[in-house]
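Reviewing the structure listed below.
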């Protein structure tokens, strides 16, 4: 028997749930269902998927053709791969000599599938990752034994950012041949952009260390550049040669297009990288959903993407402002100033005891039918190599849900805090 009284079956290990999956499992034990209006999920990792003001119409039905019933190619449908490459060339690489082609694109069945393909293809190297960062990286960095994950701690006082020179020291001093990060960052909302992002791509080139950029929130950017009504970002803008610069980009429909259920993502990288991750996909997942790939193609028209991104930034920007004001009134501090994503990295240090602990806030919240995510889940700690736990006084609070759900959830949080005030 295991320590938690679960039956141990020979040959299998216990696989931990990612942070969001854990909290949802616990919430369901307390009666949570998505259709219950009394519940509010302020821990959710997906954006609202319905119509929002100014956005293109949502797709409500799809058609099938006879060929859709067949397996898709491991790399993805050729037409979609070309469309992804064209999108990045038109939006981020206009006028540049080196252009992406379909050979630089691989289609996968969602973000985790894309990440798993990349992780499987990595060699016996040191891979840098940041603290805090996306919870799912923890098991991803644990299960593949070919590489060694090396944590890079981001300083709260520095706004959870690292200078290019300090990153250079980490890469050279620790012998990092790859660095994995989310940009914008889940959970802190920090954004690497403009010249700062250009310097990161240049650093990867100069140090021969591959930069693996998870850009799934790259349209959820709120601090727009002067004169722009819509801001999107990608490291692809600063690549010099698409087939030699060590930059791997992951993105997809899940967040930026608000179609998480479609499970379509893509990897943009040098051709040699695409070749090896396609080989990994041949035994890992067998390829992405075939009919959905075909219906993804129109969603990559630049005009469509701009309209959707602009609507996202205006709509989610209003929700961001509303939640920030409500949290401040509850003495929940937001650290640091949010630049992207739809999450607040919330410091609970000023709450009454025992709510200064993210796990306790989560458990007490369930009693009032509101869900948050404890901050400890973002202390990415592969194989539990470190005994010290960080971010116990933090919580990730999401404004991904519809406004009425945010209102309900924040009212519930006020009741939780009121019990202990």
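Given R0 = 22 Å, the distance between the Cβ atoms of residue 350 and residue 403 translates into a calculated FRET efficiency of 0.25. Compared with the alpha-carbon gap, the fully stretched path from residue 415 to residue 307 is longer by 35.0 nm at 0.36 nm per residue.
Can you pull the Kirkwood radius for segment 22-88, inverse mean 1/r over Cα pairs, to one decimal in Å? Radius from the Kirkwood sum: 16.7 Å. Between residue 14 and residue 29, residue separation times 0.36 nm minus the direct Cα-Cα distance comes to 3.4 nm.
Name the residues of segment 226-246 whose amide N is less than 13 Å from a point 7 angstrom out from the Cα of residue 101 along the C-beta direction? What the label zone holds, given the 13 Å backbone N cut-off, is 242-243. For the chain, the longest principal axis of the C-alpha atoms and the axis of helix 302-329 are separated by about 20°.
Protection proxy ranking, highest mean first, for peptides 284-294, 374-384: 374-384, 284-294, where packing is the per-residue count of other beta-carbon atoms within 10 Å, averaged.
Measuring r between the beta carbons of residue 390 and residue 94 and using R0 = 60 Å, the FRET efficiency lands at 0.90.
Looking at segment 220-298, the pairs of alpha carbons with a distance over 18 Å make up 58% of the total. Taking the 0 to 90 degree range and rounding to the nearest ten, how far is the long axis of helix 111-121 tilted relative to the main principal axis of the chain, both from C-alpha atoms? It is inclined by approximately 60 degrees.
Beta bridges per DSSP, both residues in segment 70-301: antiparallel share near 30 percent. Take the Cβ-Cβ distance between residue 223 and residue 69 as r, set R0 to 56 Å, and report the resulting FRET efficiency rounded to the nearest 0.05. E between residue 223 and residue 69, to the nearest 0.05, is 0.75. Packing around the peptides 54-60, 125-131, 167-173, taken as the average count of other Cβ atoms within 10 Å per residue, puts them in this order, highest first: 125-131, 167-173, 54-60. Relative to the first principal axis of the alpha-carbon coordinates of the chain, what is the inclination of helix 194-207, with its axis defined by its Cα atoms, in degrees from 0 to 90 and to the nearest 10? Tilt of helix 194-207: around 60 degrees. Using a Gaussian network model of the chain in which every pair of alpha carbons under 10 angstrom is joined by a spring, one finds that among 64, 213, 140 the greatest mean-square fluctuation is at 64. Express the relative contact order of the chain as a whole percentage, based on alpha carbon pairs under 8 Å and six or more residues apart in sequence. That works out to 25 percent.
Only the coordinates and a few stated rules stand behind these numbers; no lab work does. Small disclaimer: the values here were computed from a predicted structure and weren't measured. All Cβ positions, even for glycine, are placed from backbone atoms using ideal geometry, and neighbour counts span all protein chains on display.
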